[in-house]
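Notes to accompany the following structure.
Each reported figure results from applying straightforward, stated rules to the coordinates on display, with no laboratory input. It should be emphasised that the depicted structure is a prediction, and the values quoted were computed from it without experimental measurement. Every residue, glycine among them, receives a Cβ derived from its backbone with ideal geometry; neighbour counts consider all protein chains shown.
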Amino acid sequence: MKLLLKLVLFCCLMFVTSEGIAQTATVRGTVRDSVGHPLTGATVSVFGTSLGTSTDSSGYYLLVIPAEQSVKIMFSHLSLATDSVTLNLENHKEMVLDKVLKKRVNELPIYVIHDVYHNPTMVPMDPIHALVIPGPGGNSVENLIKTSLGVASNNELSSQYNVRGGNYAENLLYVNGIEIYRPILPRSGQQEGLSFINADMVDKIQFSAGGFEAQYGDKLSSVLDITYKKPDSLAVDVSLSLLGESITLEGTNKRKEPKHKFTYIFGARRKTNSYILNSLDTKGAYRPSFLDLQGYMTYVLNPRWELTALGNFASNQFSLVPENRETTLGTVSQALKLSIYFDGQEADQTQAETAALTAIHTSLSDKTRLKFIASLFQSHEKEAFDILGQYYLDKLENDFGSKNFGDVKFNLGVGSFLSHARNYLDANVYNFEHKGTHKIKHGELLWGIKYQHEVIDDKLNEWNMIDSAGYVLPINDSALILQDQVGNHINLQSNRYSGYFQTNKSFGDDSTTMYNIFAGVRAQYWDFNQQLVVSPRVTFAVVPHWKKSWTFRASAGLYFQPPFYRELRDLSGNIHPEVKAQESIHFVVGGENKFKAWDRPFVFIVEGYYKILDQIDPYKIDNVRIRYLANNSAHGFARGIDMRINGEFVKTVESWASLSVMQTEEDIVGDYYVKKYNKNGDEIIPGYTIDNVATRIDTIHPGYIPRPADQRISFTLFFQDYLPRFPTYKMHLNLIFGTGVPFGPPGIDRYKDIFRMPPYRRVDIGFSKQIIGDNVKKPLHIKVFKHLNSMWFSLEVFNLLQVPNVVSYLWVADVNGTKYAVPNYLTSRQLNARLNIRF
């Protein structure tokens, strides 16, 4: 009986086992990219199971799947979009299934190289990189631009950047063809708030560091051209971090035909960086609150007419109640410490609105495209503070053998200062514009005209008072000297008229040398200073038949920057209507080589440039506040060379490095200073020289001096990597190095700005893990997550190397009147956690 039972159980087991083995089928084939290249390491798997395999060097795969049931076969590759096929094969069936994977559209941050320039003056950049590059600014296109060719930055709290020796105000920004304006009053990075550009809404990024076309406006340095998305499906993106939150909603009315198709994308962002600001030397109650709401909508009335609308509302509030500050400075031989105890507070507020409506008409032949644009920018800015500070400047014990090493040895000076401001600025800019393009044989024609009306109302009232023994003394028994005193009420209304015409032509084909020429001219007239400027520009590009991987290009042009508002206002708050447009002649030559190394694609770019500067309006800069001298008294130059290489340093992942060497100087006409010498030939220095009777006076003309943005060497690196066996674990590193820029004591004397800040050195690193998405082999089978398309978690470390970078200086004096430059340091090492979800 027992033997019979064992026999029955054995037969049943063999039946079940044979059935389990028999119910399988086989799928085999090759996986290639869109141009037919076989993909190595592509994953082929059965969705929701552990069954899977990878393709070999020829792109071949073989996968055994369950038979007699529907299974979903997933095809994925790190640099391409995931695809899937649902199969239901019979038992023992073998099927050949070849698959072509297309470019990833909007997925997690593993990317392919952009190695083709559709325009020789504009460099395209993948906006998906802006979502992963680590930095205190969060998801930021500007963080991406700071790693680009010819760009320098030395302030992680600001979205501003310098390009080839220019300042922040010399950069153009366009969003969907609309020129964007920025608030004027912020004087430090922590007051700026959010950048206008919402990285989650961006579809295309194009950037030029010089030599750009006539269709772009009148600035001296660069142009950043942003295009927002036109969604084709419903999606929601949510981002949560220690620095703020954002949400983006996009969708369409799902009409297949173009007629009456409606698309929309809306974004809301909130930023509060008090967590970061608490690492600054000045301790206190930081209460920043920055809000940004944006929307972009398109509607196709019929095949010939389309309407688009762009809207933005930004509310930036910054409040600070400072308590104290301690900063050490000097060298080992002269170590000093500044201690300040504060009373008072600062309350700043900016509210800005941008609105634009565009009507687009396309001709019956599809050769002509006309745009009619009306836009508005309004900014209401308030800056109010009363800060009282008592400071103690002490010398520290520097004897290594002393038990009091590092402690206060004796006091050098005690003083106090009071800073007061009540500044209110309202800016209104109205634009009406027409742009057109017309296709011609082997090219196109572009033209545009624009009318702009500006209304500026500025109420200024600010001053500083510094009182320290032997430094600031009363004029009489009842009056004290005030420094940096500014008081004025300015109302400015003006009109600008501008236009451009440009032609783009191509000659040759793939079998011969290809030539491209972009030539145009633009003009602007401003009725406030009654100046007309005409700006011709040309770019020439060649792709030689003997080396198709190379593209050579050269650009030249005359660029003007007519004053807007702050260029007219001097350090005392007075307006100078006689100020004319600044001028710059650009000469740019460069080349681009597309090549392969380790059987991976790379792009090398090199550009050399020389800019002749004339009618320059000299300026002083403190943190991000630009203060012009309001005269066209300088001429100068900027010259340098930029190099960049990007490619797959890690397979299937794009990284890049940029190196810039640059020099920019200016000569202010008519500036000079005098040196006095006594009979012994010693220079007379008040307070130090005993014999102060001058027997010789020399007049010194400084000549060429470095401009404020003279950062001689800058190097940036953006590097990405992942774990080969666990590709959903990723790393993103952002490194920035820049030599020190010039600085000097307060005042209008630019020739005193001969000191150099320490180099700017910063490393930010981020680690991310994809939790949900097509690349995840073992998805989470949790009901609450079933509606999520993707989710990933990131951990970021800011200022990884804990480098104390300097952004500006505070000047104090001791009892002898000796002035000391006390560095204002930027942020220290901080952590940030971020969660991104897409529905």
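Look at where the Cα atoms of region 637-679 and of region 717-766 average out, and the two centres are 14 Å apart.
Within region 356-436, list the chymotrypsin sites (Phe, Trp or Tyr not before Pro) lying in a DSSP loop whose Cβ has at most 11 other Cβ atoms in a 10 Å radius.
Numbers: sites: Phe372, Phe377, Phe385, Tyr391, Tyr392, Phe400, Phe405, Phe410, Phe417, Tyr424, Tyr430, Phe432; in loops: Phe400, Phe405.
For chymotrypsin sites (Phe, Trp or Tyr not before Pro) across region 356-436 that sit outside H, G, I, E and B with at most 11 neighbouring Cβ atoms in 10 Å, the list reads Phe400.
Of the chymotrypsin sites (Phe, Trp or Tyr not before Pro) found in region 592-667, the ones in coil according to DSSP and having at most 10 other Cβ atoms within 10 Å of their Cβ are Trp598.
Work out the length of the dipole vector of region 613-692 about its Cα centre, built from +1 on the beta-carbon of each Lys and Arg and -1 on the beta-carbon of each Asp and Glu, and round it to the nearest 20 debye.
Details: 9 positive and 13 negative charges, 33 e Å.
The calculation lands at about 160 debye.
State the dimensionless ratio Rg/Rh of region 164-248 (Rg: radius of gyration of Cα atoms; Rh: Kirkwood radius).
On the way: Rg = 15.4 Å, Rh = 15.1 Å.
The Rg/Rh ratio comes out at 1.01.
Share of antiparallel DSSP beta bridges in the chain, in percent to the nearest 5? Approximately 95 percent, going by the DSSP bridge assignments. Just name one of Thr728, Gln452, Val807: the one whose Cα is farthest towards the positive end of the charge dipole of the chain (beta-carbon charges, Lys/Arg +1, Asp/Glu -1). Ranked along the dipole, the leading option is Thr728.
Counting only Cβ charges, +1 for Lys and Arg and -1 for Asp and Glu, the dipole size of region 180-273 around its Cα centre is about 280 debye. Altogether, the Stokes-Einstein calculation at 37 °C and 0.692 mPa s, with the Kirkwood radius of region 616-745 over Cα pairs as Rh, returns a diffusion coefficient of 169 µm²/s. Pairs of Cα atoms nearer than 8 Å and 6+ residues apart set the relative contact order; for the chain it is 10 percent. Pairwise Cα distances in the chain exceed 52 Å in 24 percent of cases. With axes computed from alpha carbons, what is the tilt in degrees of helix 2-22 against the longest principal axis of the chain, rounded to the nearest 10 within 0 to 90? The two axes meet at around 60 degrees. Among residues other than Ile748 whose Cβ falls under 12 Å from its Cβ, what is the net charge (Lys/Arg +1, Asp/Glu -1)? Computed value for this residue: -1. Each Lys or Arg adds one and each Asp or Glu takes one away; over the other residues whose Cβ falls under 10 Å from the Cβ of Tyr673, this sums to -1.
If Lys and Arg each add +1 and Asp and Glu each add -1, what is the summed charge of the other residues whose beta carbon sits under 14 Å from the beta carbon of Leu425? Local net charge: 0.
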